[in-house]
Structures are given as structure tokens and as C-alpha cells.
Amino acid sequence: MADDMSGQIRRWQQLKDQAVSGEFQMDEAIGAALRARCENFLIELTDMKQHAKDLDHLMGYGGLPSANSLRQKFEQKANGGGAHDTSDSAVNRLAQNIEVVRLMRDTYAAAIGQLQAADEAAGNQLNAHTEGMN
């Protein structure tokens with residue numbers, strides 16, 4: 001699964017680079033709609049990640065050793081990972097998905113020419129603030 005996410009991250013980074021260079025373009029209305037959906041999805045994923053973080057202390061499993069062992073495994077699966085793979089947790093998976101969706105959002109913005117405009121505006125604003133500092 002981690003390899004699949006790494007592949008998605010690489011693929012979306014390539015698409016973003018192509019969009020920034022002008023090789024990948026799309027209709028402005030479609031790109032804006034996709035970008036807006038990514039923004040909403042980021043909010044949802046961030047909420048899910050916070051909920052998963054909140055699962056690091058579960059209660060109500062009783063006092064049996066097997067119940068405590070099960071509780072501990074669920075807590076680790078939510079937020080800590082297991083002994084076999086410390087990155088195998090819901091929090092880490094959600095963080096990876098957030099990274100992919102951010103790349104998607106930026107790719108769509110670049111494909112409709114808005115990422116470069118935003119970068120240029122930020123650069124111009126920075127230059128205006130630092131102009132007399134030399």
C-alpha cells in the first residue's frame with residue numbers, strides 16, 4: 001500500500017510539473033471545479049486524521065489480558081503503527097492521502113494557470129516588502 005501511495009505522489013508531482021511548464025492544461029471551469037473539490041476533500045481528510053489521532057486512548061475493553069491486547073492493537077492501528085511497520089496507521093495513511101490531494105489541487109491550479117499567477121503575486125509582494133532592505 002505504501003508503494004502505491006508513493007507512486008501516486010510521484011505521478012501527481014509529475015503532472016504538477018507538467019502543468020507548471022505548460023505541457024498539461026485543462027479547461028478553466030473544469031480545473032476550478034476539481035480544485036474546489038480538492039479543497040473540500042482536504043478539509044474532510046484533515047477532520048478524519050484528527051479523529052484518528054483521538055483514538056490513541058480507547059476505553060471500555062474490560063480488564064482481561066486479551067481485551068487489553070486487542071485495545072492496544074486498535075490504538076496502534078489508529079495512531080502508532082504496529083511492531084511490523086511503525087508507519088502502518090490510519091493517521092499516517094490519511095497524511096499520505098492529504099499530500100496526494102494537495103498535489104492534485106496544485107496541479108489543477110497550475111493546469112488552468114492560477115498556480116503561476118499566485119506564485120507571481122506572492123513573489124511580487126515579497127519583493128515589495130524587501131525592496132529597501134539591501
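Brief remarks on what is shown
- Segment 41-61 residues that are open to solvent by 80 Å² or more (accessible area, probe 1.4 Å), paired with ones that are acidic (D, E) and not in a helix (DSSP H, G or I) (beta carbon under 9 Å, 6 or more apart): none
- Total residues in segment 13-48, condition over 9 Å from I112 (Cβ atoms) and more than 18 Å from the chain's Cα centre (by Cα): 7
- Subset of segment 98-117 [at pLDDT below 65 and either surrounded by fewer than 13 Cβ atoms within 10 Å (Cβ to Cβ) or within 30 Å of E75 (Cα to Cα) (or both)]: A117
- Exclusive hit being among the small types (G, A, S), assigned to a helix (DSSP H, G or I), in contact with a Phe, Trp or Tyr (Cβ under 9 Å, 6 or more places away or on another chain) and crowded, with 16+ Cβ neighbours inside 10 Å, set A67, A95, A19, A32: A19
- Some residue of segment 62-72 being of a type in the set (K, R), free of Cβ contacts under 8 Å to residues at least 40 places away in the same chain and more than 26 Å from A110 (Cα to Cα): yes
The values are calculated or read from the model by the stated rules, or taken from the named source; none is laboratory data. Please read these numbers as outputs of a predicted model, since none were measured by experiment. Glycine also receives a Cβ, built like all others from the backbone with ideal geometry; neighbour counts cover every protein chain displayed. For accessibility, only protein heavy atoms count, side chains too; no ligands or nucleic acids. Shrake-Rupley method; radii C 1.70, N 1.55, O 1.52, S 1.80 Å.
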